[in-house]
Amino acid sequence: MSTRPTRDHEGDRPEDWAAPGAALVRSAATDVIPPLADLGRVHIMGIAGSGMSALARILLERGLEVSGCEARDSLTVAGLRALGATVHIGHSPAHLDDADTFVYTTAINPKHEEFAAARASDKHVLRRAAALAAALEDRRCIAIAGTHGKTSTTSLLVVAAQACGADPSFAIGGNLYETGKNAHLGTGPFAVVEADESDGSFLLTRPAAAVITNIEADHLENHGDLEGIFRAFEMFVDRVDPEGLLLTCADDPGARRIADYARAQGRRVRTYGEAPDADIRVDDIVTRSDAVEFTVAGEGLGERRVRVGALIGRHMALNATAALVLAADLGLDADVAAGSWAGFTGVHRRFESHGEGGGVRVFDDYAHHPTEIVASLTAAKQALAGTGRLIAVFQPGTYSRTQTFAQEFATAMQIADIAIVMDVFPAREEPIPGVTGATISDLIELPAGVVVYEPRYEAVPERVAALARPGDLVVTMGIGNVYLLCDVIRDECARAAQERS
């Protein structure tokens, strides 16, 4: 087996890691993707993460030996061990001794000793996206891209394809409730994957067809500015099969701009949305407490009423429309595809219910960008809050994003009746002096007493319970570990209600 290192291109040299993050995006299109047969024994750092655990599942189903490491035990770790993976708790360069390939994400600090040891070795050192491309080398890739909505759109397309009798491979950023899985190596000819723009990883795909849900400023630590993001999406469009479909949202200015670019390159482009000039029109969106319903009409679909269970909000209607158009383009039965969603049970951390305590309902959502928070809180207020108050609990993710979007986060949180802001979940970043959760909470224009900055993670449930009353709705949001507090918040609300009675 070849042990040729893959450290011979721009953006994968030590000096490029010290440069601005944009170098990582520029380098993605030139990353080497080795044949699956060359991977050998694969070690995955941070194996229990949503993307990494999906990769591990597919590699194990391919019959490869997989090891990995994590900071702590979890249900995901237990599940991967049950599938045959060797998972170490804690990190050490010694984990590389029996590995031929090391897999990382750019969320990992390149100075980490285990990562540094891998880069100094003669092993394959691959981004997660490159390893996934190798694992799915014989499948037609259907790529779901965009700043928001990737996980929901990918999940809906997978469920639709399975209902139509197809068996697609897939890699999703959350577990489907129908299967309990976030990944699968199917027997069918195509694979449905989330295409991540955050660090340019989507430039490692060669899609047979793709969707771009929307494009906004985000991950500026890697792209520099909005123009850098558009450059990356243009490069992504260039990688789509010239004969394949590029589907874009007509309601989003960023997606419209990329659609214009794609048409100028001679690509086959279709659009969807509520806009009058959309190829596939979405109308009469109704958000209910347990579903979103809407009418979709256009060539190849006719006109039909669609109901999607467990998801709420206009944004989810648009995501479902994108999935339906892709399903039809793949030759799947549109009637069966749309019908499969009536009983859809949702995706982990996408407006996920954690039950009720003391008459207070608790939900969790992955919203971590101002636009996502607006969409989630608006849908919650319209469909779920009723006469009760909406209590939003937000854990900002990364110091740079908190600093860049502080005002936008504050404005979004003003949709709630009560706003609780936690401290920053740092991810891979070092603190920025003066940037905390208070950077956001100080800008929230709500009456005194209903804006709370709570820097102590463990104190959040008690703070929520002290404010909540029967009939209220609590929604936790963020990319970090806030979701682990949901059941505690529910139970604390039940305890507080009992004490008051």
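The values are calculated or read from the model by the stated rules, or taken from the named source; none is laboratory data. The model shown is predicted, which means the values in this text are computed figures rather than measured ones. Here the Cβ is made from the backbone with ideal geometry for all residues, glycine too, and neighbour counts use every protein chain on show.
Kindly provide the set of residues from the stretch 65-77 that are under 20 Å from N481 (Cα atoms), surrounded by 12 or more Cβ atoms within 10 Å (Cβ to Cβ) and not polar (S, T, N, Q), ordered by number.
Passing the criteria: C69, E70, D73, V77.
Considering only the stretch 317-337, state which residues are part of a helix (DSSP H, G or I), surrounded by fewer than 24 Cβ atoms within 10 Å (Cβ to Cβ) and either without any contact (Cβ under 8 Å) to a residue 40 or more places away in the chain or small (G, A, S) (or both).
A328, A334, D335
Residue by residue, here is whether (1) modelled with pLDDT of 95 or more; (2) of a type in the set (K, R); (3) surrounded by fewer than 20 Cβ atoms within 10 Å (Cβ to Cβ) holds:
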position: L176; (1), (2), (3): no, no, no
position: A195; (1), (2), (3): no, no, no
position: T213; (1), (2), (3): yes, no, no
position: D251; (1), (2), (3): yes, no, yes
position: R257; (1), (2), (3): yes, yes, yes
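Give I108, I47 a once-over and let me know the one that is touching a Phe, Trp or Tyr at 6+ places or on another chain (Cβ under 7 Å) and assigned to a loop (DSSP other than H, G, I, E, B).
I108
Which condition number in (1) within 23 Å of the chain's Cα centre (by Cα); (2) among the hydrophobic types (A, V, I, L, M, F, W, C); (3) closer than 21 Å to A275 by Cβ is the one that F363 fails?
F363 satisfies all of (1) within 23 Å of the chain's Cα centre (by Cα); (2) among the hydrophobic types (A, V, I, L, M, F, W, C); (3) closer than 21 Å to A275 by Cβ except (3).
Can we say A37 is part of a loop (DSSP other than H, G, I, E, B), of a type in the set (G, A, S), modelled with pLDDT of 95 or more and over 30 Å from A327 (Cα atoms)?
no
Hey, can you tell me all the residues within the stretch 465-488 that are assigned to a helix (DSSP H, G or I), touching a strand residue (DSSP E or B) at 6+ places or on another chain (Cβ under 6 Å) and of a type in the set (A, V, I, L, M, F, W, C)?
Hits for the stretch 465-488 are L467, V482, C486.
Which residue is surrounded by the fewest Cβ atoms within 10 Å (Cβ to Cβ), if the candidates are limited to the stretch 80-105 and must be assigned to a helix (DSSP H, G or I) and free of Cβ contacts under 8 Å to residues at least 24 places away in the same chain?
Filtering first and then ranking leaves A82.
So which residues in the stretch 341-350 are farther than 11 Å from R307 by Cβ, assigned to a loop (DSSP other than H, G, I, E, B) and in contact with a helix residue (DSSP H, G or I) (Cβ under 7 Å, 6 or more places away or on another chain), if there are any at all?
R349, R350
Please state which of the following conditions I172 fails to meet, knowing it meets all the rest: (1) touching a residue at least 40 places away in the same chain (Cβ under 8 Å); (2) over 18 Å from the mean Cα position of the chain (by Cα); (3) under 26 Å from T248 (Cα atoms).
Single failed check for I172: (2).
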